[in-house]
Amino acid sequence: MVPLGAGYEGIVLPGQTLPDERLSGYRSGGPTPVTYGQYLGSVAVFLNANSYRALKTLLKKQVRPTSGLDAASGIELISEKHGALYSVSRLRIRFADDIRSFAVNCAFSPEQQAFLQVEARLLASLHTKFGLPWVPFPLVSAKTSLLGPEPAPFMLFIAEWFENHHEFHLSLDTSGAPAISVWNEGETAHFLSVSTTRELYRQACGILTSCLDTRSFAQIYPWHHAAGDFVVDESQNPPSLRLITVRGYRPLLAQKSDSRDKMLGSLHFFVNLGIRMRIDRLDGTGELAWAGPDCLAGVIRGFVDAWEAKALEYEDLPKAGEIFSLFLDLSPDERLAFTRIAARDGRVEAAESDFVLARLSGHVTELSKAMEEFLVFSS
């Protein structure tokens, strides 16, 4: 058995001293900051405990079968990202002819731990309810203690790592227009073609629609492109898109009774989806950005594909064409009023309000045109 090594700007070999640099982005408010040494060392201790029980559980629960842990030639823990909610590391188990990777999400402060508990529960619930492969499957979750003179509790859950998938964001292309740029570690960010971009939006909308509960209209919320919630693998044809986090799951309708009106709930979901898909921040952290209207064909196609699959199971759902026709039968002022309501209900950041409202009139016009084109093409 090869002991677990912890990665930090390269690989720190077993027996080496782990760095005492404080975690970047860590904001606990506590008297003792968490260092990389505490963080990675504590995770390593947990994974190595009880004859590597957690590691064996990971390999046993994953979807793709593999050799047992005794066949591993190396195990690495690599610090990847530190955000407001979690510190994320990648656990990599090497075999002679294969590598298996897992995401280790750690929470230190009470607030972070509360979010982590909710997310682990939601991910497990979504897999039980829908059995879909597009969100991580939580394999191990636990509460343990940090190393150090003043041990403090921290929580973690481990899920599958979507190998070869990378974050993407709107960036300004050479013409100054916002376009999708993919971040591939070690490579220069590059822009996607128009057709690949449309496919990206199609899959993103398909994932969110597939995870919609059409009885209560509970949905994955909040999510945000600026947070890097979706990741893409361009090496596949078509590209493979995944959603890496689920922070909440609830209806966005103003009143619970609205969920009984399937047409209203369906239209509200779709209109909000179209708005949310267009919002990002330039390069993930810059100014708010708005995707061009070319994305709307992908938004519509992704919604329709997933919605038609749901309609086969639930006969009381309206057809996608009926949802679009209802919107188009409204007057322009009524469409805009309904879209304003959906935008308000689906707002994620307070800073989005004025930004979105300034673009809604044009968005309604562009969405209406895209809907009309779809209806003509599909008739």
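The values are calculated or read from the model by the stated rules, or taken from the named source; none is laboratory data. Treat the numbers as computed from the prediction; the structure is a model and nothing was measured. Don't worry about glycine lacking a Cβ; one is built from the backbone with ideal geometry, like all the others, and counts go over all protein chains shown.
Worth a mention:
- Test: residue in the stretch 281-293 that is at negative phi, crowded, with 23+ Cβ neighbours inside 10 Å and either free of Cβ contacts under 8 Å to residues at least 40 places away in the same chain or outside any strand (DSSP E or B) (or both): no
- Filter result for the condition that a residue is out of contact with any His (no Cβ under 7 Å at 6 or more places or on another chain), at pLDDT 95 or above, under 26 Å from Ser216 (Cβ atoms) and polar (S, T, N, Q), over Ser325, Ser331, Ser361, Ser368: Ser325
- Applying a threshold of 7 Å to beta carbon distances and a minimum spacing of six or more residues, or different chains, the list of pairs starting in the stretch 353-379 at a residue that is assigned by TED's automatic domain parsing to the domain that holds Val299 and under 16 Å from Ala342 (Cβ atoms) and ending at one that is among the aromatic types (Phe, Trp, Tyr) and not in a helix (DSSP H, G or I) reads Arg359/Trp290.
- Some residue of the stretch 223-237 being β-branched (Val, Ile, Thr), more than 15 Å from His166 (Cα to Cα) and assigned to a strand (DSSP E or B): no
- Looking across Thr197, Thr188, Thr174, one residue alone is among the hydroxyl-bearing types (Ser, Thr, Tyr), touching a Gly at 6+ places or on another chain (Cβ under 8 Å) and assigned by TED's automatic domain parsing to the domain that holds Ile300. It is Thr197.
- Between Glu322, Glu315, the distinction of being assigned to a helix (DSSP H, G or I), more than 27 Å from the chain's Cα centre (by Cα) and not hydroxyl-bearing (Ser, Thr, Tyr) belongs to Glu322 only.
- For Trp134: the one exception among (1) under 16 Å from Arg242 (Cβ atoms); (2) within 14 Å of the chain's Cα centre (by Cα); (3) outside the structural domain of Thr35 (by TED's automatic domain parsing): (3)
- The residue of the stretch 197-230 that is nearest to Leu126 (Cα to Cα), among those that are of a type in the set (Val, Ile, Thr) and at pLDDT 95 or above, is Ile220.
- Identity of the residue in the stretch 214-262, among the aliphatic types (A, V, I, L, M) and either touching a Pro at 6+ places or on another chain (Cβ under 9 Å) or not assigned by TED's automatic domain parsing to the domain that holds Glu349 (or both), that ends up surrounded by the most Cβ atoms within 10 Å (Cβ to Cβ): Val232
- Qualifying residue in the stretch 304-315 (condition: among the hydroxyl-bearing types (Ser, Thr, Tyr), loosely packed, with under 14 Cβ neighbours inside 10 Å and touching a residue at least 24 places away in the same chain (Cβ under 8 Å)): yes
- Flag for Arg276 being of a type outside the set (A, V, I, L, M), buried (at least 18 other Cβ atoms within 10 Å of the Cβ) and outside any loop (DSSP other than H, G, I, E, B): yes
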